[in-house]
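Peer 1: Sharing a structure with you now.
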Amino acid sequence: GWEEVDDAYGTYDSDATRRLRDQKTRVWEKNRAAVGRQTVERVLVFSRRLMDRYPRLSVGGAFALRVAEANLELENNDDAVRFAQRALQSGLQNTERAHTLWTIGVAEHRLQHFATARKNLETLVRDYPNHELIPDARKLLAMDAEDSGDIDGALEQYLALKYTLDVAYFVDTLMTIDQLAHFIDRHPNLPEKNDLTYSLGLRYLRANLWNDARATFAKVQAVKNPETSLFGL
């Protein structure tokens with residue numbers, strides 16, 4: 001049972017007893033977590049040494065994925081990439097392959113290998129468009145694109161995520177007029193094209209480019225239900 005605490009008069013003190021119990025519980029949980037982490041680290045060290053000694057050893061894809069995920073959790077990013085690549089090579093399919101692509105994407109992002117991170121995350125988005133990881137993958141893709149100076153790529157993800165404030169900041173402030181115009185030209189089939197075109201017209205107005213503004217607004221189609229538009233226009 002739990003140790004009980006009495007007050008200065010020898011009477012059972014429920015508040016002090018509860019505080020002592022909570023303190024001991026926190027210490028116990030902290031120690032258990034530390035032991036668990038040490039156990040995981042020992043398994044990961046063994047797995048890494050095994051691969052180093054026997055590089056051609058056949059490793060099951062599911063096992064390699066679990067090791068990769070454990071390394072990712074402990075922020076051993078190089079090992080996370082290494083084991084996840086072995087998992088992919090084993091021919092994993094469906095949700096396990098999706099999680100493997102995500103693991104590589106996150107680890108490579110942490111290592112600032114943005115091109116490789118984007119390659120794997122874009123494969124995840126393309127091959128598993130309805131997977132639960134897609135929103136997080138798109139967020140990471142947007143961050144990678146921004147870090148790489150790819151404004152178009154970041155805007156594409158924010159549009160897909162329907163992050164209205166981020167989109168508004170890009171089209172109203174961050175992008176130059178030419179960048180916005182070129183983005184619209186390169187994405188003629190976007191559902192948000194009408195809203196983006198309207199925003200471009202406003203940018204021309206603010207720049208006193210009257211002819212360009214007039215020509216741009218002429219391309220904007222009337223919206224029957226303004227609430228369905230991206231910016232509520």
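The values are calculated or read from the model by the stated rules, or taken from the named source; none is laboratory data. These figures come from a predicted structure and were not determined experimentally. Cβ atoms come from the backbone with ideal geometry, glycine included; neighbour counts cover every protein chain shown. We work out accessible area using only protein heavy atoms, side chains counted, and drop any ligands, DNA or RNA first. Shrake-Rupley method; radii C 1.70, N 1.55, O 1.52, S 1.80 Å.
Peer 1: Using a 1.4 angstrom probe and counting only protein chains, how large is the accessible area of Ile151 in Å², to 10?
Peer 2: Here the residue's solvent-accessible area equals roughly 40 Å².
Peer 1: For the ranges 72-80, 105-113, what's the packing order if you count other beta-carbon atoms within 10 Å of each residue, average per peptide, and put the highest first?
Peer 2: Highest mean packing first, the order is 105-113, 72-80.
Peer 1: Related question: Report the label-to-label distance for Leu202 and Ala222 in nanometres (one decimal), using points 7 Å from each Cα along the Cα→Cβ vector.
Peer 2: 2.1
Peer 1: A further question on this structure: For each pair in Lys193/Lys219; Lys119/Lys193; Lys119/Lys139, compute the distance between the two Cα atoms and list the pairs where it is over 20 Å.
Peer 2: Lys119/Lys193
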